[in-house]
Amino acid sequence: MNGRLQGKVAIVTGGARGIGAATCLKMAREGASVVVADVIDDEGEAVAAALAKEGGKALYVHLDVSSEPQWNDAMRGALRAFGALHVLVNNAGIARTEDVEQETLEGFRKIIDVNQIGAWLGMRAAVPQLRKSGGGAIVNVSSIYGFIGGRGEAIAYQSSKGALRQMTKNAAVRYAAEKIRVVSIHPGFIETPMIAPLLKGDANVPGSLAEFIVSHTPLGRVGRAEEVANVIAFVASDEASYMTGTEILVDGGYTAA
């Protein structure tokens with residue numbers, strides 16, 4: 001497997017499903033050694049096995065991104081297996097749909113712990129290793145809801161994704177001199193297990209969420225996980241060497257409409 005990530009070592013959180021799994025596959029096909037990190041052990045192991053079957057180098061590690069000790073363990077495992085780190089993809093995330101009044105303190109904190117604090121812990125664990133490698137890339141997977149308020153739902157989720165966008169800019173400025181680039185990716189509605197329950201409605205039935213999404217997306221459809229993975233792989237590669245501190249929307253034009 002030779003490609004734009006040849007010789008790179010990448011950690012992808014939330015790598016067992018959806019955008020994470022597609023990113024692991026794309027990066028391995030582009031030549032990277034991939035650490036698949038997740039809490040869904042069976043599916044994560046299966047992703048790593050699939051990469052190895054294709055001839056790639058892969059390792060699965062159990063990682064609850066909200067746990068500092070588990071980040072330390074995951075990083076040690078990656079270094080034992082592959083000796084270095086060049087790319088971190090902070091993709092792990094969870095969602096809730098409650099609005100300001102419906103949300104609970106426990107629910108809000110859970111979202112922030114995973115989506116925001118988890119990404120910060122990942123950056124903190126990765127930076128020393130990226131520095132040793134002479135630089136590298138951190139790709140934070142945010143959301144279109146890092147930009148917009150949507151329909152007024154999901155206060156915790158949208159807060160976490162907005163924070164991740166700003167954390168990206170902060171870290172990009174801080175580490176630019178050390179050749180560590182940090183970019184945020186903002187997917188729109190993508191066919192993944194997280195969004196699947198929301199898309200069960202009929203896109204042809206007026207008023208359904210599925211119909212709302214399709215009708216408000218200029219490209220007229222939901223996206224595919226591999227379409228986001230393609231962008232992540234590019235941003236993580238040296239081909240994007242002059243990109244840092246910015247955000248990339250992969251949303252079918254949803255936020256432009």
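Computed from the coordinates by the stated procedures, all read-outs in this text should not be read as laboratory data. What you see is a predicted model; the values in this text were computed from it and never measured. Note: ideal-geometry Cβ built from the backbone for every residue, glycine included; neighbour counts use all protein chains shown.
What to note about this one:
- Shown in residue order for the range 233-250 are the 3J(HN,Hα) couplings computed by the Karplus curve 6.51 cos²θ - 1.76 cosθ + 1.60 at θ = phi - 60°: 4, 4, 4, 6, 8, 5, 5, 9, 5, 9, 10, 7, x, 10, 10, 10, 8, 10 Hz (x for Gly and Pro).
- Globularity index of the chain, i.e. its alpha-carbon radius of gyration over 2.2 N^0.38 Å: 0.97
- Simple spin-label estimate for Ile148 and Lys179 in nanometres, 7 Å along Cα-Cβ: 3.9
- Here Lys53 is the anchor, and the lysines within straight C-alpha reach of less than 16 Å, apart from those fewer than 8 places off in the same chain, are Lys26.
- Model label zone, Lys132; criterion: amide N under 15 Å from point 7 Å along Cα-to-beta-carbon; scope the range 43-85: 72-85
- The Cα atoms of the range 45-151 cover 48, 31, 26 Å along the three principal axes, with the biggest extent listed first.
- For Ile190, the residues 5 or more places off, or on other chains, whose built amide H falls under 5 Å of its own are Gly223.
- Among the GluC sites (Glu not before Pro) found in the range 84-157, those both in a DSSP coil and sparsely packed, with 15 or fewer other Cβ atoms within 10 Å of their Cβ, are Glu101.
- Gaussian network model of the chain, springs between alpha carbon atoms under 10 Å - residue of Asn140, Asn230, Asn115 with greatest fluctuation: Asn230
- Rg over Rh [alpha-carbon atoms, Kirkwood Rh] for the range 116-257: 1.02
- Amide proton proximity set for Ile185, modelled H, under 5 Å, gap of 5+: Asn140, Val141, Ser142, Ile248
- 3J(HN,Hα) along the range 12-20, derived from phi through the Karplus expression 6.51 cos²θ - 1.76 cosθ + 1.60 where θ = phi - 60°, amounts to 10, 7, x, x, 7, 9, x, 4, x Hz, with x in place of Gly and Pro.
- Difference of contour (0.36 nm per residue) and Cα-Cα distance, Lys110 to Lys53: 16.9 nm
- A simple rule links phi to the HN-Hα coupling: the Karplus curve 6.51 cos²θ - 1.76 cosθ + 1.60 with θ = phi - 60°, which for the range 216-230 gives 9, 10, x, 6, x, 7, 7, x, 10, 4, 5, 5, 6, 4, 4 Hz, with x for Gly and Pro.
- Amide H contacts for Lys57 (H built 1.01 Å from N in the peptide plane; partners 5 or more residues away or on another chain; cut-off under 5 Å): Val34.
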